[in-house]
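The values are calculated or read from the model by the stated rules, or taken from the named source; none is laboratory data. Just so it is clear, the model here is predicted, and its values are computed rather than measured. Cβ placement follows ideal geometry from the backbone for every residue including glycine, while neighbour counts extend to all protein chains displayed.
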Amino acid sequence: MKGRTLRAPVFYPGSIERTSFAEKNERKGYLILEFETENPTAGALKRWTFHELPARPMIQLDLHAVGMKGTEIQAWIQTRLFEIPQDSIVKLKVHGKISESAMAVFSAPSLRALAPETINIDATLVDYTY
C-alpha cells in the first residue's frame, strides 16, 4: 500500500507451541481482538489482548564424554534429566571422542529408557569420532 495506513492492523501471534530451540525464550499464546460495533466506527479495532499459554521448557545439556564408559554416560544423563522440569524438551549435545560400545547409549530406544515418559530427548553428536 506504498506508505498508506491499512484500514485494519495486522496481528500475528505466532505458533502456540515451541517448534524449535530458536524459540526457546519466546512467550507463546494467542490474541483476542475486540472491534467497535457502534457506527460510525463499526469494524475498527477497539483493543487487543495477548494471553500467554504455558510452554514446555527447552533445555540444552552439554555432555563432554571424553573417556567416559557407557555406564558413566547413562548415569550422567539420568542425573541431569531428574534435575530439570519433568515436561522438558531436551537437546543433548555430546562432545568428544566416544567409544563404539558407548555409542549404544545414544540410540533412540536407549535415551527413551533413560528419560521419564514426560521428557522428550534428542542427542546430537558434536565433533563425533569413535
What number of residues within the range 19-41 satisfy the criterion of being in a loop (DSSP other than H, G, I, E, B) and either touching a Ser or Thr at 6+ places or on another chain (Cβ under 8 Å) or modelled with pLDDT of 90 or more (or both)? 5
Find all pairs meeting these conditions: Cβ atoms under 7 angstrom apart; at least six residues apart or on different chains; first residue within the range 103-128 and under 15 Å from residue 59 (Cα atoms); second residue small (Gly, Ala, Ser). 119/88; 121/115
For the range 71-102, give me the residue count where each residue is over 15 Å from residue 60 (Cβ atoms) and basic (Lys, Arg). 1
Restricting to the range 17-30, count the residues that are loosely packed, with under 12 Cβ neighbours inside 10 Å and more than 11 Å from the chain's Cα centre (by Cα). 1
Please enumerate the residues belonging to the range 89-117 that are more than 14 Å from the chain's Cα centre (by Cα) and among the β-branched types (Val, Ile, Thr). 94, 98, 105
What strands (runs of 3 or more DSSP E) completely inside the range 43-130 contain at least 3 residues that are exposed (fewer than 13 other Cβ atoms within 10 Å of the Cβ)? 45-53, 58-64, 120-129
